[in-house]
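Below is one structure; the comments refer to it alone.
Read-outs throughout are calculated quantities, based only on the coordinates presented, and are distinct from any laboratory measurement. What you see is a predicted model, and the numbers here were worked out from it, not measured in a lab. Because the Cβ atoms are built from the backbone with ideal geometry, glycine has one as well, and the counts that use them run over all protein chains shown.
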Amino acid sequence: MRFINRQPGRGGRWLLALLPLILFALVYGIASAARLTDNPDDKLLPGLTQMVNAMARMAFEADKRSGEYLLWSDTAASLIRLGLGLGIAALMGLVFGVAAGVFPLLRAPLSPMMTVVSMVPPLAVLPILFIVFGLDELSKVMLIVIGVAPILARDLEQRAREIPQELFVKAQTLGANSWTLVLRVVLPQLLSRLLVSLRLMLGSAWLFLISAEAISATAGLGYRIFLVRRYLAMDVILPYVVWITLLAWLMDWGLRGLNRWLFPWSEGGRT
Amino acid sequence: MNLRRLFGVSVLGLAALLGLSAHAAPKKTFDVCWTIYAGWMPWDYAQASGIVSKWAKKYGIEIKVTQLNDYVESINQYTAGKFDGCTMTNMDALTIPAAGGVDSTALIVGDYSSGNDGIVLKGAGKTVKDLKGLDVNLVELSVSHYLLARGLQSAGLSEKDVKVVNTSDADIVAAFATSQVKAAVAWNPQLSEIKAAPGTSLVFDSSKIPGEILDLMVVNTQTLKDNPAFGKALTGAWYEVMALMKAKNAAALTHMAKASGTDLPGYEAQLKTTAMYYTAADASKFTTSAELPAIMKRVSQFSFEKGLLGDGAKSADAIGVAFPGGKVNGNAKNVKLRFDATYMQQAAEGKL
């Protein structure tokens with residue numbers, strides 16, 4: 001049988017899914033053990049116990065200086081920034097996307113502008129963002145908004161234009177005006193797409209968040225990573241990366257669930 | 001990907017990761033790294049002019065000098081074993097490689113910061129006391145943080161009186177231009193940019209704590225022990241360049257100025273706030289002085305209070321620091337940072 005036609009069985013699929021993870025853990029374990037026998041204080045590839053200890057300290061012991069539980073205060077700071085940034089970006093993306101997608105008179109000025117703006121790498125204009133929005137929370141949230149909103153808007157514009165023209169004609173023959181058209185025909189379809197696009201943009205949003213926190217901050221997951229990097233504390237950095245990945249995965253999973261719950265038709269009509 | 005291929009790739013990955021654990025052994029080629037800073041520019045000239053390879057050849061070895069762009073990353077790379085030596089400050093040598101269990105030797109004490117690090121406040125005629133209650137932007141846990149602590153101490157304040165905002169060194173100039181930032185701590189060349197803004201006061205700088213922020217060439221102790229030629233060649237090359245600088249050799253200084261992104265007057269201005277040890281005799285005199293252990297004690301204490309010595313550290317004495325003449329600060333069973341004047345003395349006596 002040709003390779004392209006071979007399907008893994010049910011058990012095989014699990015095995016193949018876990019294989020890379022197991023291999024990675026194995027390789028890491030061997031390399032870490034080798035370095036630790038060489039130098040018990042090695043910080044580059046800490047062992048599991050070192051990482052567990054470091055995390056226990058971050059999560060359950062109050063910090064000597066601030067009296068806060070660092071893991072939780074970092075997580076809260078980052079999630080608030082991320083939530084605000086994504087929320088504002090989603091709203092802006094929806095407004096601009098629908099406006100440009102449905103109304104040709106608005107599309108003419110908006111569409112080219114959004115195309116250009118979405119090409120500007122947000123990190124490259126960071127010094128300007130500082131001056132305009134300051135160094136505080138606002139600039140970190142704005143970095144996420146500027147990075148995510150134009151792409152959401154362009155995607156939603158495209159999806160709005162893909163809605164069959166017949167639907168618009170039909171709605172208009174039934175007496176819909178522009179406003180009801182947007183509300184009853186376009187929005188229900190685009191909201192589902194918005195959730196899908198948000199899921200795809202989560203990775204970028206985290207990237208912008210971590211970058212913003214690396215530059216100037218007093219708390220946050222990215223801040224902590226860049227701070228402890230100063231003394232190569234990989235026993236904190238690696239679990240933080242795992243934690244960020246878990247949070248991102250949970251957000252992705254949550255958005256998917258929300259989409260299924262609100263728009264059961266969106267994934268091929270399954271309920 | 002079929003299974004055999006997958007296996008092959010995994011083995012390659014494993015080999016690559018294992019390659020990270022390098023053992024010291026007699027060898028012929030050595031890698032050292034450095035980053036842009038007034039007191040380290042001589043390494044660039046030493047490499048470009050062929051002085052390094054000349055000295056390496058004399059001892060039958062090869063030395064590659066590499067410039068890295070990110071200071072912390074360069075120390076991390078050295079700590080991970082990618083380089084045999086690297087330029088860093090005394091505090092970073094203690095908190096990164098030494099705290100990471102990499103036994104390191106300060107082969108060359110190049111200079112100390114004498115104004116290259118400073119605390120700047122917005123507004124004319126300010127003093128250290130005006131820091132009270134302010135947000136202070138700086139690279140947290142760096143020598144800037146140490147300088148702030150010393151500055152606050154000089155005015156009877158402590159870190160509780162200010163709020164430290166971690167700001168990367170690459171962005172601190174742009175950050176200082178925004179209206180929220182009222183105070184910042186930075187090192188040159190960024191410091192000179194910040195100071196140059198109108199209506200600012202330099203309230204404290206490293207010239208008030210002479211000798212506390214040292215700029216070193218740090219090498220792996222085991223590598224040095226196995227290969228004295230490496231230490232001799234590096235030290236020889238360094239003091240050949242120092243002699244040129246002392247003699248105000250225009251070609252050498254212009255080269256260093258260009259490489260640090262400024263012109264000759266700009267570089268000379270930075271050198272004014274850098275107390276270079278132009279002669280090996282001066283450097284080894286300082287290294288063997290009673291002053292150095294006292295300074296390192298203070299640096300260890302600060303590092304311990306900030307948690308920079310690692311989890312295992314129960315006190316500021318957790319990591320031993322050895323000095324010429326057998327004196328040891330802290331735990332003598334766990335010496336991870338050594339100040340060694342042997343090679344500087346050989347250079348001073350013309351024995352290299």
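List of remarks:
- Within a straight-line Cα-Cα reach of under 19 Å, B:Lys195 can be paired with the following lysines, leaving aside sequence neighbours fewer than 8 residues apart in one chain: B:Lys122, B:Lys126, B:Lys129, B:Lys182, B:Lys208, B:Lys272.
- Partner chain coverage, peptide B:208-214 - average Cβ within 10 angstrom: 0
- Peptides B:269-276, B:246-253, B:231-238 ordered by packing proxy, namely the average of other Cβ atoms within 10 Å per residue, highest first: B:231-238, B:269-276, B:246-253.
- Multiplying the residue separation of A:Trp249 and A:Arg10 by 0.36 nm and subtracting their alpha-carbon distance yields 83.7 nm.
- Plainly put, chain B has a radius of gyration that is 0.99 times its Kirkwood radius, both from alpha-carbon atoms, as the Rg/Rh ratio.
- Shape of the range A:1-103 from the C-alpha gyration tensor: oblate (a/c of 1.5 or more and a/b not above b/c, with a ≥ b ≥ c the square roots of its eigenvalues).
- Rg and Dmax over the alpha-carbon atoms of the range B:157-203 stand at 10.9, 29 Å.
- Shielding of A:127-138 by partner chains, average beta-carbon count, 10 Å: 4
- Local charge for B:Ala316 was computed over the other residues whose Cβ lies under 10 Å away, with Lys and Arg +1 and Asp and Glu -1, and equals +1.
- Rounded to 10°, Cα long-axis angle of helix A:10-38 versus longest principal axis of chain A: 40 degrees
- Seen against the Cα atoms of chain A and their longest principal axis, helix A:187-215 is set at about 40 degrees.
- 0 to 90° range, to nearest 10: angle between helix A:234-262 axis and chain A longest Cα axis: 30 degrees
- Counting only other chain Cβ atoms within 10 Å of each residue's Cβ, the peptide B:220-233 averages 0.
- By average C-beta atoms within 10 angstrom, highest first, the peptides B:331-343, B:209-221, A:6-18: B:209-221, B:331-343, A:6-18
- Each DSSP beta bridge with both residues in the range B:117-208 is either parallel or antiparallel, and the antiparallel ones are about 60%.
- Chain A - mean residue ellipticity at 222 nm from DSSP helices (-39,500 (n - 2.57) per run, n ≥ 4, rounded to 500): -25500 deg cm²/dmol
- Prolate/oblate/rounded label for chain A (Cα gyration tensor, a/c 1.5): oblate
- Within straight-line reach of B:Lys58, meaning a Cα separation under 19 Å, sit the following lysines at least 8 residues removed in sequence or on another chain: B:Lys27, B:Lys28, B:Lys225, B:Lys232, B:Lys351.
- Cα gyration tensor, the range B:117-208 - rounded (a/c under 1.5), prolate or oblate: rounded
- Helices in chain B, meaning DSSP H runs of at least 4 residues, each add -39500 (n - 2.57). Divided by all residues, the mean residue ellipticity at 222 nm is -11500 deg cm²/dmol.
- The alpha-carbon atoms of the protein assembly as shown define a convex hull whose volume equals 208 cubic angstrom per residue.
- Mean Kyte hydropathy of -0.5 or more with a Cα span along the axis of at least 18 Å, helices from DSSP in chain B: B:3-18, B:228-246, B:291-305
- Centre-to-centre separation between the Cα atoms of the range A:125-155 and those of the range A:18-52: 38 Å.
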